[in-house]
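Structure first, commentary second.
The values are calculated or read from the model by the stated rules, or taken from the named source; none is laboratory data. Please read all numbers here as calculations on a predicted model, not as lab measurements. Don't worry about glycine lacking a Cβ; one is built from the backbone with ideal geometry, like all the others, and counts go over all protein chains shown. Just the protein is used for accessible areas: all its heavy atoms, side chains included, with ligands, DNA and RNA removed. Shrake-Rupley method; radii C 1.70, N 1.55, O 1.52, S 1.80 Å.
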Amino acid sequence: MNFSEIKEILADAANKKGISHYDVYYVKNNSALAETFRDAISSVSSENSIGLCFRCLKDGRVGYASCEHITEEELRALVSKAADNAMYIESEDEAVLFEGSDSYREVNNKVLPMPSASELCDLALKMQRQTYAESEYVTDGTECSVGATEISVDLCNSYGLSLHKEAYVYSAVSAAVVSKDGESEDAYEYRLGTSFDNTKELSEKAVSKALSKLGATELPSGTYPIVLSGKQMSVLLDTFSGVFSGKSAKLGLSLLKGKEGERIAADIVTLVDDPYSEHLVAKTPFDAEGVSTETKTIIKDGVLQTLLYDLSTARAMEKNPTANASKAGYSSAIVISPYYFGIEAGNTSFEELLVGADGGVYVTELKGLHAGANAVTGDFSIESAGFRIKDGRLSESVKSFTIAGNFYDLLKSIDGLSDRITVGVPGVFHAVGAPDVLLKNVSIAGK
């Protein structure tokens, strides 16, 4: 059954139930993955899924219902379930269904062929051989995987709005384990993209990172200047991205409530949310409510310009919606999230940042970040690893030290930004990136 037929059945069922306002969110997902262990394929998996969510307004309340079995009988029952659910779901937010934007930007996300299972297996084994070939110290436990996914999303509503987007993506992971003189370390590299090119580079980086951690020493406790790698700054930004949600602010779960127009970061910090960024595998012309997306500056020269809003939160807080409604899956409730969330690059080279942090630490790992972070207060205490900085250059590796601080304070204390961007949290329609960040006077608990 195609989506046009689905729409007709749901429209007829809604009409018979007296439902005049509704929307439909329809997702198709096709994915495959091959994984290795030692010199063989350890697993091959594939998934083909279809899911649909019907959302309606009934007596001023919103009701949801979803299904995976797309038959006429199931679709008609879905409408009844959503109407019944509306009677029991209570929310302080006013339910809003969107009539549609004046225009939507055209995007041409690359269409990729789905590789066969045998092609994925061959690619995964090739990566495994490449990874082992990088060093004589690569040992058992090393794993590689390659995968491919195609996703399509359709959104329509009772106003006649009908929107479609799709994404095709390849993924590759090299997870290297090295062992030398009785000491073992591991590291991984992960990439999403539109080709399987440069898998050797992925293996090289994974092995190099693992080897660099061998022989790491402990760091004495103290206050140090640090350079936080772009990858780890991205992970930190992703962890605390919820504080930029208008809904979090409305619920008292963000200290940025009422701060729009105020300085919240160092004047060299500019943060953007860009659904059309080159750092995204797939661009997004509309959000989960059907609102046309646009590039937004969240922080400009240290000043908070706007939080992120969906329709109901924007209306409740008397703000303009920012088209940041999203769904983690077809059956998920609508939440607020960014697209490409990124701190813009500075004009300082990485080498110059190291000179500015002489005697300090280059931080390349933040371990267990979500467990060690309070997303409301901004406080964090995180086990870390990296390299000493001596004479303005990277020196020996260090491990098992803890960085404690506060995300809101960190934004204000940034002293330098490198001129390169690293996407540390890659995704299909979502990613987070940042330059390397120089911070002075960071409290570190070591040996």
The range 149-248: Lys pairs at Cα distance under 16 angstrom, eight or more positions apart or on different chains: 6
Show me the three semi-axes of the equivalent ellipsoid for the range 111-203, from the C-alpha gyration tensor (sqrt of 5 times each eigenvalue), largest first, rounded to whole Å. 38, 14, 9
Treating the angle as unsigned and between 0 and 90°, give the value, to the nearest 10°, between the Cα long axis of helix 199-212 and the longest Cα principal axis of the chain. 50
Degrees separating the helix 230-239 axis from the principal Cα axis of the chain, which is the longest one: 40
What angle, in degrees between 0 and 90 and rounded to the nearest 10, separates the Cα long axis of helix 72-86 from the longest principal axis of the Cα atoms of the chain? 80
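Before I look further, what does the range 1-120 give for accessible area per residue, probe 1.4 Å, in whole square angstrom?
On the way: 7090 Å² over 120 residues.
Roughly 59 Å² per residue, with all protein chains present.
Can you list which of the GluC sites (Glu not before Pro) found in the range 283-322 are DSSP loop residues with at most 15 other C-beta atoms within 10 Å? Write out the running numbers ahead of the final one.
Numbers: sites: GLU289, GLU294, GLU318; in loops: GLU289, GLU294, GLU318.
Those that pass, being in a loop and sparsely packed, are GLU294, GLU318.
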When Rg is the radius of gyration of the Cα atoms in the range 305-395 and Rh is its Kirkwood radius, what does Rg/Rh come to? 1.14
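Cα convex hull of the chain: how many Å³ per residue? List each step's numbers first, then the result.
Numbers: hull volume 67.8 nm³, N = 447.
Cα convex hull per residue, to the nearest whole number: 152 Å³.
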To make sure I understand the rule: partners must be aspartates and glutamates, Cα under 12 Å from the Cα of LYS110, and not fewer than 8 residues away in the same chain. Which ones qualify? GLU150, GLU166
Taking the dipole of the chain about the Cα centre (Lys, Arg +1; Asp, Glu -1; charges at Cβ), the one of MET317, SER158, GLY356 that reaches farthest to the positive side is MET317
